[in-house]
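The values are calculated or read from the model by the stated rules, or taken from the named source; none is laboratory data. Since this is a predicted model, take the numbers as computed values, not measurements. For neighbour counting, all protein chains shown are included, and Cβ atoms are generated from backbone atoms with ideal geometry for every residue, glycine included.
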Amino acid sequence: MRFWVKVRLAVIIILSITIGASYAIAIPKYLELKNIEENVWNEHLQRQSNGIGESVKEIAPPKTESFVPIESAEVHYVASREAELNSLPSTSIEELIKKTWNNEEEAKIALAIAKAESRLNPKVTNTNRNGTIDCGIFQINSIHKLENCQDPKTNIHYAFGLFQRHGWQPWSVWKNKKYLVFL
């Protein structure tokens with residue numbers, strides 16, 4: 001009888017040590033990733049407040065070993081090196097978005113999503129960790145094989161089609177609520 005009590009006690013101790021060690025490793029990694037995500041978002045907010053006329057600086061993804069994929073840590077808002085501002089002024093882009101989304105509330109959300117994704121700069125591109133590229137005002141992913149994705153009209157109309165089929169789900173800024181800053 002005593003033998004089994006000692007075995008149970010040993011198993012409990014081993015499990016406690018294993019769980020404690022797991023937390024000791026996981027919590028600092030989680031905090032590090034959370035800090036990186038906050039820094040990326042803060043940098044975006046600083047760039048966003050600089051105005052559309054200034055260039056968007058490129059941010060390289062942080063060099064960390066991630067034990068969990070963090071979708072919201074994806075870095076958006078990276079401009080092409082040769083990017084020039086669109087020939088359409090941002091007010092024309094806003095009007096085109098409002099005309100495309102005929103519902104006033106949906107148009108406000110669409111505009112906020114476009115601002116969160118690209119600051120209404122149609123030349124913005126972003127290379128994702130999986131190798132795909134997001135492009136244009138609504139950051140349409142290259143898996144859609146959209147030709148001329150940096151053309152505002154093409155990008156906006158394609159985004160509207162995605163919205164009609166899938167709602168706001170295709171946009172990470174909708175899922176993580178970062179578009180709310182622009183409402």
Selection from the range 133-148 of residues that are within 18 Å of the chain's Cα centre (by Cα) and not β-branched (Val, Ile, Thr): Asp134, Cys135, Gly136, Phe138, Gln139, Asn141, Ser142, His144
Some residue of the range 54-69 being aromatic (Phe, Trp, Tyr), farther than 27 Å from Pro152 by Cβ, at pLDDT below 65 and out of contact with any Gly (no Cβ under 6 Å at 6 or more places or on another chain): yes
Those residues of the range 120-132 which are assigned to a loop (DSSP other than H, G, I, E, B) and either buried (at least 22 other Cβ atoms within 10 Å of the Cβ) or over 18 Å from the mean Cα position of the chain (by Cα) (or both), in sequence order: Leu120, Asn121, Pro122
Among (1) buried (at least 17 other Cβ atoms within 10 Å of the Cβ); (2) touching a strand residue (DSSP E or B) at 6+ places or on another chain (Cβ under 7 Å); (3) of a type in the set (A, V, I, L, M), the one test that Ile113 misses: (2)
Residue match in the range 143-155 (condition: in a loop (DSSP other than H, G, I, E, B), of a type in the set (Lys, Arg) and touching a residue at least 12 places away in the same chain (Cβ under 8 Å)): no
Per-region count, the range 118-136, residues free of Cβ contacts under 8 Å to residues at least 60 places away in the same chain and touching a strand residue (DSSP E or B) at 6+ places or on another chain (Cβ under 8 Å): 11
Yes/no for Ile137 being within 23 Å of Val40 (Cβ to Cβ), part of a loop (DSSP other than H, G, I, E, B), among the aliphatic types (A, V, I, L, M) and out of contact with any Lys or Arg (no Cβ under 7 Å at 6 or more places or on another chain): yes
Matching residues, the range 150-180, being within 23 Å of Lys108 (Cβ to Cβ), out of contact with any Asp or Glu (no Cβ under 7 Å at 6 or more places or on another chain), surrounded by 16 or more Cβ atoms within 10 Å (Cβ to Cβ) and not polar (S, T, N, Q): Pro152, Ile156, Tyr158, Ala159, Phe160, Leu162, Phe163, Pro170, Trp174, Lys178, Tyr179
Members of the range 120-155 that are under 17 Å from Lys98 (Cβ atoms) and touching a Phe, Trp or Tyr at 6+ places or on another chain (Cβ under 7 Å): Asn155
Filtered residues of the range 133-149 (kept if farther than 13 Å from Pro170 by Cα and either of a type in the set (Val, Ile, Thr) or surrounded by 22 or more Cβ atoms within 10 Å (Cβ to Cβ) (or both)): Ile133, Cys135, Gly136, Ile137, Cys149
Matching entry among Thr91, Thr100 (being among the hydroxyl-bearing types (Ser, Thr, Tyr), surrounded by 10 or more Cβ atoms within 10 Å (Cβ to Cβ) and modelled with pLDDT of 70 or more): Thr100
